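Shown next, in structure tokens, is the structure this report addresses.
The values are calculated or read from the model by the stated rules, or taken from the named source; none is laboratory data. Computed from a predicted model, the values in this text were never measured in an experiment. Here the Cβ positions follow ideal geometry from the backbone for every residue, glycine too, while neighbour counts run over all protein chains shown. We work out accessible area using only protein heavy atoms, side chains counted, and drop any ligands, DNA or RNA first. Shrake-Rupley method; radii C 1.70, N 1.55, O 1.52, S 1.80 Å.
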Amino acid sequence: LEKEPVFYQENDPMPRKHTTWLLSGDFTEGHALTYRRHYLEFPPGVLSKHYEKLLQSDNGLLKLSEQPFPNLDSPFSVLS
């Protein structure tokens, strides 16, 4: 959060091929620099396959995914 975000866009998605990403401009019109919280909504199950694949490829993310999600009621929350 100390650095400005970098944006990417998917390059020519092809079924059963690894995704490649290209550097992109700020599609949030500057809001990503101002707001720490972002809300994305997807239909149920759309990301499940990709999420499972990501967890299988990174043990650190797998361990993190097994932790309870932090909330604003916690005295140790850094989300506020």
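Modelled spin-label separation between PHE7 and THR19, with each label point placed 7 Å from Cα along the Cα-to-Cβ direction: 1.7 nm.
Around the Cα centre of the chain, unit charges on the Cβ atoms of Lys, Arg, Asp and Glu (plus for the first two, minus for the last two) sum to a dipole of about 280 debye.
Size descriptors for the chain, from the alpha-carbon set: Rg then Dmax equal 15.8, 45 Å. Helical runs assigned H by DSSP (4 residues or longer) give the chain a calculated mean residue ellipticity at 222 nm of -6500 deg cm²/dmol, each run adding -39500 (n - 2.57) before division by the residue total. Projecting the Cα atoms of THR28, TYR8, SER57 onto the dipole axis of the chain, where Lys and Arg carry +1 and Asp and Glu carry -1 at the beta carbon, places SER57 farthest toward the positive end.
Protein heavy-atom surface of the chain, 1.4 angstrom probe: 58% of the accessible area is carbon and sulfur, with nucleic acids and ligands not counted. Under 5 Å from the amide H of PHE7 lie the amide H atoms of SER24, each residue being 5 or more positions distant or on a separate chain, with H modelled from the backbone and absent for Pro and chain starts.
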